[in-house]
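Where a number appears in this text, it was derived from the coordinates with a stated rule and is not lab data. Bear in mind that the values here come from a model prediction, so they are computed numbers and not experimental data. No Cβ is skipped: glycine too gets one built from the backbone with ideal geometry, and neighbour counts run over all protein chains shown.
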Amino acid sequence: MLVAEVARFGGPEVLVTRRVPDPAPETGQVVVAVSAVDVLFVETQVRAGWGREHFPVTPPYVPGDGVAGTVVAVGEGVDPAWLGRRVVGYTDSVNAYAERAVVPVEKIVPIPDGVDDATAATLTHDGPMALTLLDTARIASGTRVLVLGANGGAGLLAVGLAAAAGAYVIGAARGAAKQALVREAGAAEVVDPTDADWLDRVRDVDVVLDGVGGAIGSAALAAVRDGGTIFTYGAPTGGFATVDPDEARRRGITVHGLPALAQARDQVTALVARTLAEAAAGRISPVVGGTFPLTDAAGAHAAVEARTVLGKVLLTVAERPATP
């Protein structure tokens, strides 16, 4: 089978395609014939050598985690009824950029009728994150919410779900095209965080969902009302937001960092099942902005890093026979 491998830390060009033997499932595992892979911004950062304290990978390695496809083999102890079923699954953050992916059976979820594999792949990470944010924040009718990075995958879903819950959603995004996408997702108001006065327009929000980090995420603490909540879970700017703990404590602001959210996502398969059900019912519609073949994983990473694609970037895998 073909895999896209990070040969060494560096730019997108270090992603190269090579052929390796097809995997065989061990006890409690399935093999998925991959049709689409979710490409995450953090995967581009890890490829470049960032975050090794959180992601201890050593080149050469095959990146990726969330896949969609069809089960073509099952290991001992796995119900053979899974064979031939379309599923999403998680590979534990490696070995997903491949024609075949090995997935523990407890980390697969059936794809419902009416949801195609590409749509399902876009929801593998952003769906659980968006639901976790809304569940933890207890967003309801009348909640005033600021979403930073609102044009990203999780951001767009959070905007849509929060608006559907009756919240007043302010989306932060750069440029007219991205702002239009955020409005279409359900934001009542949109701001550009590169404008010098953007914070003056978003004071006294109940909840900040920070998928950006860096200086913008750090500055957003000023937008939170006393007693409000801020979630700092994104770092595409190169680092997570820095929240002054003394100020947060003085103002009674609750701060949730990525570790707390990751712990809350232990039931990720249940969360993605909920997300897929929302998609099947037509209540959420993730935006796929670009697809790249597995052989051009470097192009996919370059597009993600350039931030020019509106919506999610996916790797797609050409169909091949179901058996090795």
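Some observations on this one:
- Distance between modelled label sites at Ala164 and Thr308, nm, 7 Å Cα→Cβ extension: 3.3 nm
- Helix axis angle, 176-185 relative to the chain longest principal axis, alpha carbon, degrees: 80 degrees
- Charges were assigned to the Cβ only: +1 to each Lys and Arg, -1 to each Asp and Glu. The resulting dipole of the chain about its Cα centre is roughly 220 debye.
- Descending by average beta-carbon neighbour count within 10 Å, the peptides 124-131, 198-205, 221-228 line up as 124-131, 221-228, 198-205, the highest first.
- For the pair the range 280-301 / the range 101-152, the C-alpha centres are spaced 14 Å from each other.
- Measuring r between the beta carbons of Ala196 and Glu247 and using R0 = 30 Å, the FRET efficiency lands at 0.85.
- Taking the average, over residues, of other Cβ atoms within 10 Å as the packing measure, peptides 2-10, 66-74, 17-25 rank 66-74, 2-10, 17-25 from highest down.
- Shape call, the range 126-264: gyration tensor on alpha carbons, a/c limit 1.5: rounded
- Within the chain, helix-based [θ] at 222 nm, where runs of 4 or more DSSP H residues each add -39,500 (n - 2.57), nearest 500: -8500 deg cm²/dmol
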